[in-house]
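K.L.:
Mind having a look at this structure? Questions to follow.
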Amino acid sequence: MGQLTSRQEILSMEVSDPRMRNWLCANMAIRESSQAISVYLHRNIAQIHKRIQQSISYSTLCRANCSKREGRTGFNEWCPTCERWAVEIQALCESDYREKVKFSRLNSSQWPINPYEVARAFIPKAHRLYYKAAEFHEDVRFGLSFIENCKIFSVPKTVCERVWQCRGRVRRKNVCMRLSRQEMEETISTMLELLSFLELGEDGVINKLETLLQGDLEDASEGCVIM
């Protein structure tokens, strides 16, 4: 118990530093936002998958995994099912992202049965780890990529860019665990702006972020997960 008490005292002393509280609030805001966005995207991914299924008449599952054949011939050697899914996916891409889709990194044979294999098409090539992570959709980076590259959303690019910048700044401060009040407020306000464009269906996360914006950790002190 003595050791635990000592740790608690140290933590209490650290959190009493306003700059560390700012850092904690910013991290918790990113965490809460990421969780809300992942739930929101889960619904959207399921709806997108269902719409594509309904629009495609081919019911035969591919056994060849045609996407691994991607090359100079394009879809010429693909089976009808995989080709149609690829066309539908491209149609959902923002125009400036459509040609950047790397189908060879995907498993087209899984598209008819796995909504998240469809969702992976909207992840840029640079984010290689997402192709292996089982819970990639719960990462705010995936959420931002999906929102930026899928045209069913109406979030301005400038908002997404500011979220990327704020997240990067917070991560760079993870070593010292300190943020200025201005940096904390900018981070949380930017997350709130992003969420305002999404139909989340409930205000719980908005209320939490507004509480954190005031520097109040008491109502959101379930632990800090660094995103």
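K.L.:
Quick one: what are the phi-derived ³J(HN,Hα) couplings along the stretch 81-96, Karplus 6.51/-1.76/1.60 with θ = phi - 60°, whole Hz, x for glycine and proline?
P.N.:
With coefficients 6.51, -1.76 and 1.60, one gets 5, 5, 4, 5, 4, 4, 5, 5, 5, 4, 5, 8, 7, 4, 4, 7 Hz.
K.L.:
If you don't mind, another one. From the phi angles alone, apply the Karplus equation (6.51, -1.76, 1.60; θ = phi - 60°) to the stretch 148-159 and give each ³J(HN,Hα) in whole Hz, x where the residue is Gly or Pro.
P.N.:
5, 9, 9, 7, 6, 9, 10, 8, x, 4, 5, 5
K.L.:
Got a sec? Which residues in the stretch 167-207 would a label at ASP17 touch, if it sits 7 Å along Cα→Cβ and we count backbone N under 14 Å?
P.N.:
173-181
K.L.:
Continuing with the same structure: As an exercise, use a Förster radius of 41 Å and the Cβ-Cβ distance of SER104 and SER189 to find the FRET efficiency, rounded to the nearest 0.05.
P.N.:
With R0 = 41 Å, the Cβ-Cβ based efficiency is 0.55.
K.L.:
Given a Förster distance of 30 Å, report the FRET efficiency between LEU217 and GLN165 from their Cβ-Cβ distance, rounded to the nearest 0.05.
P.N.:
0.80
All of the numbers you see were taken from the coordinates with simple rules; none came from a lab. Note that the structure is a prediction, hence the values are computed from the model and not measured. Methodologically, a virtual Cβ is constructed for each residue, glycine included, from the backbone with ideal geometry; neighbour enumeration extends over all protein chains shown.
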